Amino acid sequence: MPNFGDFQLEIYLAGLSGIRPSLPMSYSELAARAEAALAPDIYSYVAGGAGNEFTQDENVRAFDRYGLMPRMLAGAAERDLGIDLLGHRLPSPLLLAPVGVIGLCARDGHGDIATAQAAARTGVPMIASTLSADPLEEVAQHLGDTPGFFQLYTPADRELAASFVARAEAAGFSALIVTLDTQILGWRPRDLGLASFPQLQGKCLANYFSDPVFCAKLAAPPEEDPRAAALAWALGFSDPALSWDDLAWLRSLTTLPLLLKGLCHPEDVRRAIDSGVDGIYCSNHGGRQANGGLAAIDLLEPVVEAADGRVPVIFDSGVRGGEHVVKAVALGATAVGVGRPYAWGLALGGVDGIVHVLRSLLAEADLLMAVDGYPTLAHLAAPGSLLRR
Ligand SMILES: Cc1cc2nc3c(=O)[nH]c(=O)nc-3n(C[C@H](O)[C@H](O)[C@H](O)COP(=O)(O)O)c2cc1C
């Protein structure tokens, strides 16, 4: 049975014929080359975070405080990274986190479709953002046999929210992930310095501009007056007053599994599960929203304890290598989202670039498990596998 780690053999064997990987093998080179490849405003939007970006950087640094305990002669010749998530059997715990301007990271401007194609090729599910350069129906067509999940930014207009959810369900997305940490935009100095916010320029709003409910409330169609349409989007993007009382309404919109993204407090987790959600997504939005907070990985363990095995826990924020995937699973995550790294892969190599990033993450995770004697994710999640420095 092939292991994800076989990717390294593939690379070394190609090296015997003088072929070196055209795409970076380290995160730092990946990010640096992507910076050179992308327009400055797009790079800034993806790379930047809130405030002085302390939390964003801390998300990555904090992983260093955890270390896997090596076990020998543990029978890890073959590894199984498979998981069960929301009714799907998946080859690995990796997910493509929703990235709202992923469309613009592709040279042709169709990065959402490229991401769906990478999901189809790798079996890594895509969480498609509400903020998409192509309508969700078109994105869904490229997912192949890989499940796709739809991420909802809940608009102030409930009829529009219901329309998005109905469309996502009809298009074949198999779970609804509602993001809660972006009811209002965080303070982002990099983007402020460039006075640039892509969506206000009418970009990545295809789901809105293709929506009958959204368009019916405009004085003119988006193609005739894109500025007014973008303004209407900005004014109705969210309802900052959304509260726990609205969860029943969100739940009523669909029979699909419902997950909440951005939950970090154990009490919020318990309340969400008691209210009937089907999964928890622990994330601090990669440090893009609130600065000065704790690293997301340091918040994961209490979230997992609060979930108490009742529903799956997805984690993201700060995942840069396979080592981080392994540590998040060892801390109890069911699945792990990758964000910025795949945006850089897309910028450098299109669909192949995303596939390269995902294969690298999985190979590193797999080989770490092999070296340290953890044949399955259950072994990783067992007590004593991970120590805190
Ligand atoms: C450029 C960019 C756009 C994002 N857009 C969305 C989005 O539309 N919806 C959402 O829920 N999260 C969004 N996120 C957050 C990601 O889903 C994820 O939480 C974050 O990227 C994790 O941090 P990391 O990339 O530093 O690992 C975005 C992140 C980035 C970098």
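The values are calculated or read from the model by the stated rules, or taken from the named source; none is laboratory data. Everything numeric here is computed off the predicted structure, so don't read it as measured data. Here Cβ is always computed from backbone atoms with ideal geometry, including for glycine, and neighbour counts include all displayed protein chains.
Screening Glu169 on (1) touching a strand residue (DSSP E or B) at 6+ places or on another chain (Cβ under 9 Å); (2) buried (at least 24 other Cβ atoms within 10 Å of the Cβ); (3) touching a residue at least 60 places away in the same chain (Cβ under 8 Å) shows it passes everything except condition (2).
Here Val319 fits the description: in contact with a strand residue (DSSP E or B) (Cβ under 7 Å, 6 or more places away or on another chain) and crowded, with 24+ Cβ neighbours inside 10 Å. Across region 261-278, the qualifying residues are those that are within 14 Å of the ligand (Cβ to nearest atom) and either in contact with a Leu (Cβ under 6 Å, 6 or more places away or on another chain) or modelled with pLDDT under 95 (or both), and the one among them that is nearest to Ile127 (Cα to Cα) is Gly262.
Being among the small types (Gly, Ala, Ser), in a loop (DSSP other than H, G, I, E, B), more than 20 Å from Leu358 (Cα to Cα) and touching a helix residue (DSSP H, G or I) at 6+ places or on another chain (Cβ under 6 Å) is a description that applies to Gly49. Scanning region 101-133 for residues that are aliphatic (A, V, I, L, M) and within 22 Å of Leu259 (Cα to Cα) yields Val101, Ile102, Ala116, Ala119, Val124, Met126, Ile127, Ala128, Leu131. Only one entry in Arg89, Arg121 is in contact with a helix residue (DSSP H, G or I) (Cβ under 6 Å, 6 or more places away or on another chain), basic (Lys, Arg) and outside any loop (DSSP other than H, G, I, E, B), namely Arg121. When restricted to residues that are without any contact (Cβ under 8 Å) to a residue 24 or more places away in the chain, in a loop (DSSP other than H, G, I, E, B) and of a type in the set (Gly, Ala, Ser), region 352-384 contains 1.
Counting only residues that are within 13 Å of the ligand (Cβ to nearest atom) and part of a loop (DSSP other than H, G, I, E, B), which one in region 139-154 is surrounded by the most Cβ atoms within 10 Å (Cβ to Cβ)? The extreme case among them is Thr154. Assigned to a loop (DSSP other than H, G, I, E, B), β-branched (Val, Ile, Thr) and within 11 Å of the ligand (Cβ to nearest atom) - does that describe any residue in region 313-326? The answer is yes; a qualifying residue exists.
Restrict the check to region 236-251 and report whether at least one residue is farther than 30 Å from Gly276 by Cβ and touching a residue at least 40 places away in the same chain (Cβ under 8 Å). So far as region 236-251 goes, no, none of its residues is farther than 30 Å from Gly276 by Cβ and touching a residue at least 40 places away in the same chain (Cβ under 8 Å).
Condition first: without any contact (Cβ under 8 Å) to a residue 24 or more places away in the chain and out of contact with any helix residue (DSSP H, G or I) (no Cβ under 7 Å at 6 or more places or on another chain). Now tell me which residues in region 21-38 satisfy that. Within region 21-38, Ser26, Ser28, Glu29, Ala32, Ala36 qualify.
Just one of the listed residues (Leu218, Leu200, Leu160, Leu192) is over 19 Å from the mean Cα position of the chain (by Cα), away from the ligand (no atom under 14 Å from the Cβ), in a loop (DSSP other than H, G, I, E, B) and modelled with pLDDT of 95 or more, namely Leu218.
Of the residues making up region 328-335, not a single one is in a loop (DSSP other than H, G, I, E, B), under 23 Å from Val139 (Cα atoms) and polar (S, T, N, Q).
Of all residues in region 328-350, those that are more than 24 Å from Ile83 (Cβ to Cβ) and away from the ligand (no atom under 16 Å from the Cβ) total 2.
When Ser174 is tested against (1) closer than 20 Å to Leu258 by Cα; (2) in a loop (DSSP other than H, G, I, E, B); (3) touching a Gly at 6+ places or on another chain (Cβ under 9 Å); (4) within 14 Å of the ligand (Cβ to nearest atom), only condition (4) is not met. When the residues of region 75-86 are filtered to those that are at pLDDT 95 or above and part of a loop (DSSP other than H, G, I, E, B), the one that is surrounded by the fewest Cβ atoms within 10 Å (Cβ to Cβ) is Gly82. Residues in region 117-137 that are within 15 Å of the ligand (Cβ to nearest atom) and among the small types (Gly, Ala, Ser): Ala119, Ala128, Ser129, Ser132, Ala133. Scanning region 225-235 turns up no residue that is in a loop (DSSP other than H, G, I, E, B), surrounded by 16 or more Cβ atoms within 10 Å (Cβ to Cβ) and modelled with pLDDT of 95 or more.
Using the structure shown, decide if Ala219 is out of contact with any helix residue (DSSP H, G or I) (no Cβ under 6 Å at 6 or more places or on another chain) and either without any contact (Cβ under 8 Å) to a residue 12 or more places away in the chain or among the aromatic types (Phe, Trp, Tyr) (or both). It is true that Ala219 is out of contact with any helix residue (DSSP H, G or I) (no Cβ under 6 Å at 6 or more places or on another chain) and either without any contact (Cβ under 8 Å) to a residue 12 or more places away in the chain or among the aromatic types (Phe, Trp, Tyr) (or both).
Looking across region 182-221, the residues that are of a type in the set (Phe, Trp, Tyr) and surrounded by 18 or more Cβ atoms within 10 Å (Cβ to Cβ) come down to Tyr208, Phe209, Phe214.
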